[in-house]
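As structure tokens, the structure follows; a few thoughts come after it.
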Amino acid sequence: MQNFRCLNSAAIISFGFFLAATPLFAEENKPEPPLKRRSIERMALPRLAATHEDVLKLKALRQAVPPLPGFNDYRSILHAHAEDSTHTGGTRPEMLADAKKADVKVIMLTDHFRPPRDFMDSWRGMKEGVLFVPGSEIRGFLIYPTNSILAKMDSPLPEFIPTVSAGEGLIFLSHIEERSDHSMEGLTGQEIYNRHADAKKDMTSLIALAMRLTDPKQTKELHESLRLYPEEMLAFQVDYPKDYLDKWDHETQKRRLTGVAANDCHHNQVFVVKMVDENSIRIGTIVDKDDGMRLVTAASRPGIKEMTKDHKPGDTLVSIDLDPYYRSFWNVSTHILASEQTEKTIRAALKSGHAYVSHDWMCDPTGFRFEALAKSAPKINPAAKPAKPSKSPGAIMGDEIPFAQGMRLAAQFPLQTKIRLIKDGKVVHEETQSFMDKGIEGPGVYRVEGWLTLDGEDRGWIYSNPIYVR
């Protein structure tokens, strides 16, 4: 539930401001498109428990996948904020500590642009085993130039985009829900999932969450949910990013575009309840000023009187941390396939599309592979996995390859999953296995998805970058 602020081209509004401007007890909206289980239902303690139980079962079934020769799988984070705005609650040392805890190897920062400060002066290089790459979130993009472009930040887009992408520079379209028709000309790629977008689409559950903070019994249950099931709680809004993937599938038929995950993490969703007087409280987050929080009185929520008992005005009655960096990193990540952990190789891998997106909290996806195989290549046989890395593939995700008769596409997962093979935006094959070895009949843009069943509900787990068969 990170970044519950509402974002548009004109302003960034914090969760506290949202509460102040939104009826606290608005009627529920039916989710669209219909879900098997609504996010507000996933928040219930029994649902969280059932989901967690299934996650533990999947973890026990996980098996290692032989690595692609010449590649390492680096868990990486894009769209990450620290010490860069008034609505960012986290620090870079905190981010580093949580990256080590989450086994994150690469963090690509996206500082909010605050001239005259140059975002390229942020952390860069290896720090305690984690590679940091400076960048910025600006003008609807995630940008990672190789050098300072401070003097050119206001250039017209036809000049700005090639300035960013010059040499090994990278530029990704961000927040697709706000700019689905934006041109992809000259861009490295786009976000194919953004945690903030799920939150913005689901105001009903945000209101339900706010209501829990105004009742002692429900607040206690919320504390218990986070204590027992922290990853499941943060993931309750995570949904299949159809609008993001639809644009990506459409655009990749015209050009190669790398799909990445957007954590959009700020560690700013630490919810607090502050006492005003014995009959009223304010609800907001650690980045909200008191006058920007939502005032709630005992007239509408009688439990407030119990919450304020034996406290004095100004006291913090509740503090609930929903999005520490560690939890955000494990919620979704971009796994980058590169030969070594250097800025140069990481940039090259992203430009080549050698990456996949995964919701790691469901199950560690490390080792997932998607490749094109020649007709003569041995069939995939997980029951007899080689002890050593297999022969180099003809192409891996992100690559472009000419079509040949008998060509096959193969995918291997760390455990049995519901596999969907997608060609030019349409599902052309489905099976439930830990692997796929499927012949193709012609050119197309092919990608695969892996889905896992949690608490009786199929949820998207892995999204590969495409192989472009021409």
Looking at this structure, is THR366 at pLDDT 95 or above, of a type in the set (S, T, N, Q), assigned to a strand (DSSP E or B) and out of contact with any helix residue (DSSP H, G or I) (no Cβ under 7 Å at 6 or more places or on another chain)? no
In the stretch 131-165, how many residues are within 30 Å of PRO93 (Cβ to Cβ) and out of contact with any helix residue (DSSP H, G or I) (no Cβ under 6 Å at 6 or more places or on another chain)? 15
Taking the condition of being over 30 Å from ARG195 (Cβ atoms), hydrophobic (A, V, I, L, M, F, W, C) and touching a residue at least 40 places away in the same chain (Cβ under 8 Å), how many residues in the stretch 261-306 meet it? 2
Which one of ASP98, ASP111, ASP154, ASP73 is charged (D, E, K, R), without any contact (Cβ under 8 Å) to a residue 40 or more places away in the chain and buried (at least 16 other Cβ atoms within 10 Å of the Cβ)? ASP111
ILE380: surrounded by 15 or more Cβ atoms within 10 Å (Cβ to Cβ), β-branched (Val, Ile, Thr) and at pLDDT below 95, yes or no? yes
Tell me, which helices (runs of 4 or more DSSP H) wholly within the stretch 177-294 include 2 or more residues that are crowded, with 19+ Cβ neighbours inside 10 Å and either touching a strand residue (DSSP E or B) at 6+ places or on another chain (Cβ under 7 Å) or modelled with pLDDT under 90 (or both)? 195-200, 203-212, 216-228, 242-251
Out of GLY460, GLY450, GLY442, report the one residue that is closer than 30 Å to THR188 by Cβ, assigned to a loop (DSSP other than H, G, I, E, B) and not aliphatic (A, V, I, L, M). GLY442
Under 9 Å by Cβ, and 6 or more places apart or on different chains, what pairs join a residue from the stretch 46-68 that is within 12 Å of LEU228 (Cβ to Cβ) with one that is part of a helix (DSSP H, G or I) and of a type in the set (A, V, I, L, M)? LEU48/LEU228; LEU48/MET233; ALA49/LEU228; HIS52/LEU228
Across the stretch 35-81, which residue is modelled with the highest pLDDT among those that are in a loop (DSSP other than H, G, I, E, B) and of a type in the set (D, E, K, R)? ARG62
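The values are calculated or read from the model by the stated rules, or taken from the named source; none is laboratory data. Quantities reported herein were computed from a predicted structural model and do not represent experimental measurements. Neighbour counts run over all protein chains shown; Cβ positions are idealised from the backbone, glycine included.
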